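Q: Following this message is one structure expressed as structure tokens.
The values are calculated or read from the model by the stated rules, or taken from the named source; none is laboratory data. Everything numeric in this text was worked out from a predicted model, so none of it was measured. Cβ: placed from backbone, ideal geometry, glycine included. Neighbour counts: every protein chain shown. The accessibility values were calculated without ligands, DNA or RNA, using every heavy atom of the protein model including side chains. Shrake-Rupley method; radii C 1.70, N 1.55, O 1.52, S 1.80 Å.
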Amino acid sequence: MELGWLLWGAAVLLLLHVLMGLSPTVNFALRIGFYSFLCLLASALTAPVCLLVNGGRTVKNMRIIRAVVRTFKYFLGLRFEVKGLENFKVEGPAIIVSNHQSILDMMGLMEVLPDNCVQVGKKELMYAGTVGLIIYLGGVIFINRKSTTSAKMVMAEVAKSMTAENVKVWVYPEGTRNCTGDLLPFKKGAFHIAVQAQVPVIPVVYSSFTSFYNPKTKLFTSGKIKVEVLPPIETKGLTSDDVSDLTDRCFHTMRETLFRLSGRPSESKKSS
């Protein structure tokens, strides 16, 4: 009986391997399905640990979550090359901004996430089963993107709690996923917070995923992701009148870095 199950299992694995080799669409669907299953299983197993160790919702749980998620790359054949981690070592709170490409960003986030750092995420994530539970326990700050008034109120509270609790806040200024290999225009909320709290902005840039992950073409293979933490941009002395310039400065710096890490010519080189 046991031999029969082993034979069936071997046959199924062989069939899946053949299908993945024959069809990129099947390969993509299987990999996404496995990644989703991995997220649900890991969060279900990690949530009780967070509750036992830290007692409830707290940014301290991110240490546990980070350790678990960092193992995902081995299952999916992804490698990370990280530079500039020393730029996280600033005194006091800070705003961290990074590009936002896909559902795989969580792995990239946890690969470099500093201690005492909370993320800002969309409210809908709260209802993503055990994944919603684990990110809630990790202290993620949820905003309602459909309500501008609500989002502004939440971001104002973020500015207050950031300085009061001495934490860093991680924000995706593009506001939505963007797997084009370029950046979308930045929303100014994170930069308003940085100026209001007079804390530095730390840009983090991930190279483009398009060489190994592209939902439009059903591409999902193994690959390498380059990550660079850029030097902090100070905001002391800046006012609300400087937010637009700060946003533009950060956007252009991150865009140039994105192109460089991805092996793509920069806009300045194209024009010359």
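Q: Among the residues of region 184-207, how many are open to solvent by 20 Å² or more (accessible area, probe 1.4 Å) and of a type in the set (A, V, I, L, M, F, W, C)? Show your work before the answer.
A: Here is the first cut: in region 184-207, the residues open to solvent by 20 Å² or more (accessible area, probe 1.4 Å) are 184-189, 192, 196-198.
Now restrict to residues that are of a type in the set (A, V, I, L, M, F, W, C): 184, 186, 197.
Count: 3.
Q: Confirm whether Glu91 is more than 15 Å from the chain's Cα centre (by Cα), at negative phi and assigned to a strand (DSSP E or B). Steps first, answer last, please.
A: On the way: more than 15 Å from the chain's Cα centre (by Cα): yes; at negative phi: yes; assigned to a strand (DSSP E or B): no.
Criteria not met by Glu91.
Q: If we scan region 172-181, do we find a residue that is part of a helix (DSSP H, G or I), of a type outside the set (S, T, N, Q) and in contact (Cβ under 8 Å) with a residue 12 or more places away in the chain?
A: Scanning region 172-181, I find no residue that is part of a helix (DSSP H, G or I), of a type outside the set (S, T, N, Q) and in contact (Cβ under 8 Å) with a residue 12 or more places away in the chain, so the answer is no.
Q: Continuing with the same structure: Look through Pro232, Pro215, Pro265 and report the one residue that is within 17 Å of Val97 (Cα to Cα) and touching a helix residue (DSSP H, G or I) at 6+ places or on another chain (Cβ under 9 Å).
A: Pro232
Q: Does region 113-139 hold any residues that are in a helix (DSSP H, G or I) and either open to solvent by 40 Å² or more (accessible area, probe 1.4 Å) or among the hydroxyl-bearing types (Ser, Thr, Tyr) (or both), and which are they?
A: Lys123, Glu124, Leu125, Met126, Tyr127, Gly129, Thr130, Leu133, Tyr136
Q: List pairs: first in region 201-212 and small (Gly, Ala, Ser), second surrounded by 23 or more Cβ atoms within 10 Å (Cβ to Cβ) and assigned to a strand (DSSP E or B), Cβ under 8 Å, 6+ apart or cross-chain?
A: From region 201-212, the pairs are Ser207/Ile225.
Q: List the pairs whose first member sits in region 27-39 and is more than 21 Å from Leu133 (Cβ to Cβ) and without any contact (Cβ under 8 Å) to a residue 24 or more places away in the chain, whose second member is aliphatic (A, V, I, L, M) and open to solvent by 40 Å² or more (accessible area, probe 1.4 Å), and whose Cβ atoms are under 9 Å apart, counting only residues at least 6 apart or on separate chains?
A: Leu30/Leu16; Leu30/Leu19; Leu30/Met20
Q: Quick one: in region 208-232, of everything that is within 24 Å of Val90 (Cα to Cα) and either in a loop (DSSP other than H, G, I, E, B) or in contact with a Pro (Cβ under 6 Å, 6 or more places away or on another chain) (or both), which residue is least open to solvent (accessible area, probe 1.4 Å)?
A: Per the criteria, the residue is Leu230.
Q: Would you check if Ile233 is touching a strand residue (DSSP E or B) at 6+ places or on another chain (Cβ under 7 Å), modelled with pLDDT of 90 or more and under 22 Å from Leu85 (Cβ atoms)?
A: yes
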